[in-house]
Amino acid sequence: MNPLAKAVLKCHGFTRMIRFSHHRSTSESLQEYGRGIAGGLMFSIPLLYTMEVWWAGFMLHPGRILIYVIVTFALLLLYNRFAGLRRDASFTEVVIDSVEELGIGLVLSAVILWLAGRIGWEMDRYEILGKIVMEAMTVAIGVTVGTAQLGAPDDGDEGLSGDGDESDSSAYFPQLALALCGAVLFAANVAPTDEISVIAMESTPVKLLLFALASILLGSLVLHFSNFRGSSRYVVKDTPVLAARGIFTTYAVALLAAAGSLWFFGKLDGEPFSQCLG
């Protein structure tokens, strides 16, 4: 067999190995990634803001961290095999999905830790790597669960925007109510901790602005792109203006929920306005 034929066969084998990627359109793949990113952040928020996890990244022996990575990857394989989005996937497809989710977890962890000022170029590279890896494992599990469980077609339900007899306000206020409930749920997980105050004190205005922009981007991802399960029943998508209104008012509701949770736990008492705003 000539070298060209061998190369063609190898290429064909590689194509078969990743054939599952062609079963989804680009839009569907991006929606899955969007759900994974949102799920990864939602399910890992408490640990992303936990000092003990930050410290573990550079205090634990590298061997233990390696074991943590191996165990996490095994969990991803098990979940994707038995409860993942594609139940009929082959083992190769399950492995590739798991590697993708692990990679997304690493990238998300690096971005959040950098925004929070927990990693920087002045730090030792082993400390940076350790922190990212420790946080990424939980994020990766969240990515897996988010991709598989948070998205599904609504079986022809066009949502409130599709109901001709529904006014904009009747669709708008349920969206705000759900936003408030979700914001309180997540804010209450981290508001009592000292880590929030530490990040607020140490973050520059630029980092805080980037945090806000990232939050708005994540909100728009959840509301209008990732096709979250049941989202079409509560989100108005008639015009760009209505979509923008929903995104920014949802963010405003989240700010109010965060402020209320911090006040409730006494984290704003006696603090200057700039510190409270951070």
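Derivation of every value follows stated rules applied to the coordinates shown; laboratory data play no part. In this text, all values refer to a predicted model and were calculated from it rather than measured experimentally. A quick note on method: Cβ atoms are made from the backbone with ideal geometry, for glycine too, and the neighbour counts reach across all protein chains shown.
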Original post:
How many percent of all Cα-Cα pairs in region 27-151 sit more than 24 Å apart?
Top reply: 26 percent
Original post:
Taking amide H positions as placed 1.01 Å from N in the peptide plane, with prolines and chain starts having none, which residues 5 or more places from Ile119, or on another chain, fall under 5 Å of its amide H?
Top reply: Trp114
**OP:** Determine, for each peptide in 116-129, 242-255, 93-106, the mean count of other beta carbons within 10 angstrom over its residues, then list the peptides with the highest first.
**Re:** 93-106, 242-255, 116-129
**OP:** Return the Rg/Rh value of region 101-153, two decimal places, where both radii are evaluated on C-alpha atoms and Rh is the Kirkwood radius.
**Re:** 1.10
